[in-house]
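The values are calculated or read from the model by the stated rules, or taken from the named source; none is laboratory data. Because the structure is predicted, anything quoted here is derived from the model rather than measured. So basically every Cβ, Gly included, is an ideal-geometry build from the backbone, and we count neighbours across all protein chains shown. Heads up: the accessible areas ignore ligands, DNA and RNA and are worked out on the full protein's heavy atoms, side chains in. Shrake-Rupley method; radii C 1.70, N 1.55, O 1.52, S 1.80 Å.
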Amino acid sequence: NWKRIWVLALWFSICAGLFAWKFIQYRHRAVFDVMGYCVTTAKGAAETTKFNMAIILLPVCRNTITWLRSRTKLGVVVPFDDNINFHKVVAWGIAVGVGLHAGAHLTCDFPRLLHATDDEYEPMEQFFGEERPNNYWWFVKGTEGWTGVTMVVLMAIAYTLAQPWFRRNRLNLPKPIKKLTGFNAFWYSHHLFIIVYALFIVHGYYLYLSKKWYKKTTWMYLAVPMLLYACERLIRAFRSGYKSVKILKVAVYPGNVLSLHMSKPQGFKYTSGQYIFVNCADVSPFQWHPFSITSAPGDNYLSIHIRTLGDWTSQLKALFSKVCQPPSVNQSGLLRADIGKGENKPRLPKLLIDGPYGAPAQDYKKYDVLLLVGLGIGATPLISIVKDVLNNIKQQNEIEEGVKNKRKPFATKRAYFYWVTREQGSFEWFRGVMNEVAEYDRDGMIELHNYCTSVYEEGDARSALITMLQSLQHAKSGVDIVSGT
């Protein structure tokens, strides 16, 4: 964990340094005589909050991170795969900073100023005016007050709904309250950050204790990260706007899994292990959700497998299920729609995609031996890698047969894929890929090990019958009775 340790150590050191710098600065100012250590704490916390509000945007600049991971050597020392975890750590840093800043001001600074003697207040006139604040409300109703309180309320809403208990609906709440939680609530509440940043800049300009523009540093901290993030959103908006994809095939599988095969947008290049964001305006015009790509770069289509877990995925599956029919002979899935030429084409929901984006698994080409371990639907990026290795095998076969191929061979010589799943029906999700491996991998480059954990282990009396049936069926037809492969 040395990469994580040095990044966190650097972040913590910067926060501590900024806090100490402002703390000491205000320790030697006239306001300290009236407000004491309350004002030094508030100002120290404010400085760390400015820094954290700036850097919290960087881990969610996905295009930048993908570019840095793919085109530079920084990945050797920077843990880019931990971008969301770092985003959460910085969020906790902001929560602590805001708590200290607001708490020190509201419970200590303002009361001490109200109770100060005339002699003590005299040095404060340049900041608060000759006419003394006469009550607590004077501070709250000012621009600095109402912007600060509003930000705290909006942040509290966003922080609360982002917690896993609310985001994943893990709590048994009354129905009216439960409707206000879930992924949709998290998504929309998180976009309150636009209002928060606007208020933060205003709050940082109308300061009580700093009157000169160059001492109002909030905008200096935020300028570059906000510009970078705005460019990211614009790129994503323009790019996804023309990346409307044509649906080629839809299949609904056991275990609530929806498989979508789409046309590749022009110029769309990706590496196995990467993921894309998908938007369906019929479900929500604003929401974009990430899914691993299950097709290989050499395939002439783009595919994803979506497990129905939340409200958005449930609605998407319901939309596509309406246009699907029971499969015909030799077709997999519970429901299916193959959109071919000359058919009565059903009206399909329109999809937009954005990506591809970098992921940890994309570096597989560097290694000559791959060990791939997937649990349930978590196997999706690994299936893409297995398909890419398989395409490489096909390419080698074509070269041996004298057919020219432009694809560069990669280092992988062996691949071991272990897939653990609870449901027998899960094997149908990627049955086509597994059968393709069995057909083309004559030299045994790829080993597939499938485990169905709802079946008792071999040797257990309760599994004796199924083991016997497996052996008989495999000897007779070469097909496994459990997985159908």
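Here the peptides 130-137, 91-98, 207-214, 443-450 are ranked by packing, the mean other Cβ count within 10 Å, and the order with the highest first is 91-98, 443-450, 207-214, 130-137. Taking amide H positions as modeled 1.01 Å from N, with prolines and chain starts lacking one, the residues under 5 Å from Lys249 and 5 or more places away or on another chain are His261, Ile339. Computed from phi, the 3J(HN,Hα) profile of the stretch 105-116 under the Karplus parametrisation 6.51, -1.76, 1.60 (θ = phi - 60°) reads 5, 6, 9, 9, 4, 5, x, 5, 5, 5, 9, 6 Hz, with x in place of Gly and Pro.
Note: relative contact order over the stretch 243-454, using C-alpha pairs below 8 Å and six or more positions apart, is 24 percent. Alpha carbon centre of the stretch 440-458 versus the stretch 414-437: separation in Å? Cα centroid of the stretch 440-458 versus Cα centroid of the stretch 414-437: 8 Å apart. Couplings 3J(HN,Hα) of the stretch 222-237, computed from phi: 8, 3, 5, x, 5, 5, 4, 5, 4, 4, 4, 5, 5, 4, 5, 5 Hz, in residue order, whole Hz [Karplus 6.51 cos²θ - 1.76 cosθ + 1.60, θ = phi - 60°; x for Gly and Pro].
Summary of packing: across the peptides 286-292, 49-55, the per-residue average of other C-beta atoms within 10 Å ranks them, highest first, as 49-55, 286-292. Each of Thr64, Thr147 has its accessible area taken with a 1.4 Å probe; listed largest first, they run Thr64, Thr147.
Left without a cysteine partner by the 4.7 Å Cβ rule in the chain: Cys15, Cys61, Cys231, Cys280, Cys324, Cys452.
The angle between the Cα long axis of helix 193-205 and the longest principal axis of the Cα atoms of the chain comes to about 20 degrees, rounded to the nearest 10. Working ranking of peptides 434-441, 418-425 by packing, defined as the average number of other Cβ atoms within 10 Å per residue, highest first, is 418-425, 434-441.
With a ≥ b ≥ c the root eigenvalues of the C-alpha gyration tensor of the stretch 243-454, is it rounded (a/c under 1.5), prolate (a/b larger than b/c) or oblate? In terms of gyration-tensor shape, prolate.
Across the stretch 309-315, coupling constants 3J(HN,Hα) worked out from phi with the 6.51/-1.76/1.60 Karplus curve, θ = phi - 60°, read 10, x, 5, 5, 5, 5, 5 Hz, and Gly and Pro carry x. Based on C-alpha pairs under 8 angstrom that are at least 6 apart in sequence, the chain has a relative contact order of 11 percent. Candidate cross-link partners of Lys22 among the lysines, defined by an alpha-carbon separation under 27 Å and a same-chain spacing of 8 or more, comprise Lys43, Lys50, Lys88, Lys141, Lys211, Lys212, Lys215, Lys216.
I'd like the orientation of helix 2-27 relative to the chain: the angle between its Cα long axis and the longest Cα principal axis, in ° from 0 to 90, rounded to 10. The angle comes out at about 10 degrees. Under 5 Å from the amide H of Leu335 lie the amide H atoms of Val252, each residue being 5 or more positions distant or on a separate chain, with H modelled from the backbone and absent for Pro and chain starts.
Mean separation of Cα pairs under 8 Å and 6 or more residues apart, divided by the residue count, gives the stretch 41-115 a relative contact order of 54 percent.
To test your reading of the geometry: what angle, between 0 and 90 degrees and rounded to tens, separates the Cα axis of helix 37-55 from the longest principal axis of the chain? It works out to around 30 degrees.
In the chain, helices alone account for a calculated mean residue ellipticity at 222 nm of -15000 deg cm²/dmol, with every DSSP H run of four or more residues adding -39,500 (n - 2.57).
Hey, which of these cross-link pairs are over 19 Å Cα-Cα: Lys3/Lys413; Lys246/Lys317; Lys3/Lys73; Lys264/Lys350? Checking Cα-Cα distances, Lys3/Lys413 exceed 19 Å.
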